[in-house]
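First the structure, in the form of structure tokens, and then the observations on it.
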Amino acid sequence: MHRVNLTIDEALYEQAKAVSFIEKKSISQMIRESLNEYISKNSKINEQANLILEADDEKEVLNILANDTFISHENFKNKFNL
């Protein structure tokens, strides 16, 4: 695991602390779950991130992502009736 520093406003922290108590979860666990859900729900960003992580040449992938239109695997299959 990696440690991440996070800055949030006081009101959000107090709400998180209250929910943490009610749910019997740490704030860290709630943040991990929320981040995982956010990434899972954003399939386009998730696929782009996986492309970057799997690439041999990260600069080339970043260039492609910056200059080309990205479509998801599902959209590609639908577009070409695969």
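Each value in this text was obtained by applying a stated rule to the coordinates, not by laboratory testing. In this text, all values refer to a predicted model and were calculated from it rather than measured experimentally. As a convention, Cβ positions derive from the backbone with ideal geometry for all residues, glycine included, and neighbour counts pool all protein chains shown.
Some points to look at:
- Lysines with Cα under 26 Å of LYS79, excluding same-chain neighbours fewer than 8 positions away: LYS41, LYS44
- Using the Cβ-Cβ distance between SER26 and ASN50 with R0 = 35 Å, the FRET efficiency computed as 1/(1 + (r/R0)^6) comes to roughly 0.80.
- Per-residue ³J(HN,Hα) for region 36-42, Karplus 6.51 cos²θ - 1.76 cosθ + 1.60, θ = phi - 60°, Hz, x for Gly and Pro: 4, 5, 4, 5, 5, 6, 9
- Couplings 3J(HN,Hα) of region 10-16, computed from phi: 4, 4, 5, 4, 5, 5, 4 Hz, in residue order, whole Hz [Karplus 6.51 cos²θ - 1.76 cosθ + 1.60, θ = phi - 60°; x for Gly and Pro].
- Helix-only [θ]222 nm of the chain, DSSP H runs n ≥ 4, -39500 (n - 2.57) each, per residue, nearest 500: -21500 deg cm²/dmol
- Phi-based couplings in Hz for region 51-65 (Karplus 6.51, -1.76, 1.60; Gly and Pro marked x): 4, 5, 5, 8, 6, 7, 10, 4, 4, 5, 4, 4, 5, 4, 5
- Taking amide H positions as modeled 1.01 Å from N, with prolines and chain starts lacking one, no residue 5 or more places away or on another chain lies under 5 Å from LYS25.
- The alpha carbons of the chain give a radius of gyration and a Dmax of 18.1, 51 Å, in that order.
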